[in-house]
Each structure stands twice: as structure tokens, then as C-alpha cells.
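Have a look at the structure below before the remarks.
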Amino acid sequence: MEILALKLMLTESDVRFLLANNPRPDEVPVKELQIDFTPAGVVVRGKYPMPMLFTVPFETLWELKVRERLLEVRLAQLKVVGFPVGPLRGLIMNALSKLAYQQGIRQEGEALLVEVDRLLEMKKIPVRLNLTGVHCAPGHLILEAGMPGT
């Protein structure tokens with residue numbers, strides 16, 4: 001199957017449903033995970049448990065764009081306990097890269113490149129998506145696909 005034209009709207013409610021019905025691996029012990037769509041990108045918030053029996057709240061902002069039929073997800077901001085934390089960015093990206101590699105996601109600098117076709121194939125949906133665009137807005141995300149070169 002090959003997608004010739006598609007505009008898919010994914011709402012925050014859809015994401016909550018997907019998170020609830022697709023458990024995270026044990027390697028991702030984030031608590032109170034929340035994902036919001038904004039014009040600036042995707043905001044991911046949560047609390048990360050630390051070995052000393054307390055949790056550390058964090059917030060990230062991810063910018064999205066399409067590059068060569070791949071979804072590029074770039075870490076734009078990282079805040080821990082409400083403060084920007086530059087030195088942890090590399091650590092976060094390396095940890096995500098190791099978790100995501102098996103899923104058709106690879107790291108390139110501070111970006112993750114997502115092979116959406118491969119993710120769908122892993123869910124037994126054999127389709128060539130031809131991703132052409134992605135747009136974030138308050139409360140929803142729109143993915144666009146079409147003929148290659150359009």
C-alpha cells in the first residue's frame with residue numbers, strides 16, 4: 001500500500017489514549033507523562049524517579065519537521081525543576097537514542113529521525129506513507145502525506 005494523499009489530525013486526547021493502551025518499556029520510568037501540542041512544537045512533561053526516593057519534574061519542547069520523508073523531532077528546550085539545563089541535553093538524547101534505535105528511530109545531533117513507515121510496519125500496517133509535512137497547533141498535530149516530490 002502507498003498513501004497518495006493524506007491529512008491526519010492527531011489530538012492530545014488521541015495521544016492520551018495511545019499512551020494508555022501502549023505501555024512504555026521498563027527502561028522509561030517516567031511518571032505523570034503529559035504531552036501537549038503547541039504552535040512551537042510538542043511539549044512533553046513528567047516526573048523522573050531518582051534513586052534517592054524523590055522525583056524530578058522535567059519539561060521538554062520538541063520542534064517537528066519533515067526531512068526526506070522522515071519526521072525530524074528536535075530537542076529545542078529542556079527544563080528540569082523549572083530551570084533550563086543545557087548540559088543534560090546530550091545525556092537525554094543519548095538515552096533516547098538507545099531506547100529508540102530498535103523502533104526505526106535514530107539520533108542525529110539533538111534530533112531524532114523517525115521512520116514513520118517502519119513504525120507502522122511494526123504495528124502490522126504495511127504502508128508507504130510519503131510524509132510531506134507536519135504542523136503543530138494548540139491541541140493537535142497534523143501529519144501530511146502525498147506523492148513523492150509533491
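The values are calculated or read from the model by the stated rules, or taken from the named source; none is laboratory data. The shown structure was predicted, so the numbers you read here are calculated from the model rather than taken from an experiment. With ideal geometry, Cβ positions are generated from the backbone for all residues, glycine too; neighbour counts draw on all protein chains shown.
When restricted to residues that are more than 13 Å from the chain's Cα centre (by Cα) and more than 23 Å from V43 (Cβ to Cβ), the range 102-149 contains 20. In the range 107-139, the qualifying residues are those that are part of a strand (DSSP E or B) and in contact with a helix residue (DSSP H, G or I) (Cβ under 7 Å, 6 or more places away or on another chain), and the one that is farthest from E2 (Cα to Cα) is Q107. Does at least one position in the range 48-70 carry a residue that is outside any strand (DSSP E or B), closer than 20 Å to A137 by Cβ and modelled with pLDDT of 90 or more? No, every residue in the range 48-70 fails to be outside any strand (DSSP E or B), closer than 20 Å to A137 by Cβ and modelled with pLDDT of 90 or more. Considering only the range 100-110, I want to know if a residue exists there that is loosely packed, with under 12 Cβ neighbours inside 10 Å and modelled with pLDDT under 75. Checked against the condition, which is being loosely packed, with under 12 Cβ neighbours inside 10 Å and modelled with pLDDT under 75, the range 100-110 yields at least one hit. Close contacts from the range 129-141, counting a first residue that is in contact (Cβ under 8 Å) with a residue 60 or more places away in the chain and at positive phi and a second that is of a type outside the set (G, A, S) and surrounded by fewer than 20 Cβ atoms within 10 Å (Cβ to Cβ), with Cβ to Cβ under 6 Å and a gap of 6+ residues or different chains, come to N130/I3; N130/P148; G139/E12.
Is it the case that A145 is assigned to a strand (DSSP E or B), modelled with pLDDT of 85 or more, within 17 Å of I3 (Cα to Cα) and of a type in the set (G, A, S)? It would help to see each step written out before you state the result.
Values: assigned to a strand (DSSP E or B): yes; modelled with pLDDT of 85 or more: yes; within 17 Å of I3 (Cα to Cα): yes; of a type in the set (G, A, S): yes.
Spelling it out, A145 is indeed assigned to a strand (DSSP E or B), modelled with pLDDT of 85 or more, within 17 Å of I3 (Cα to Cα) and of a type in the set (G, A, S).
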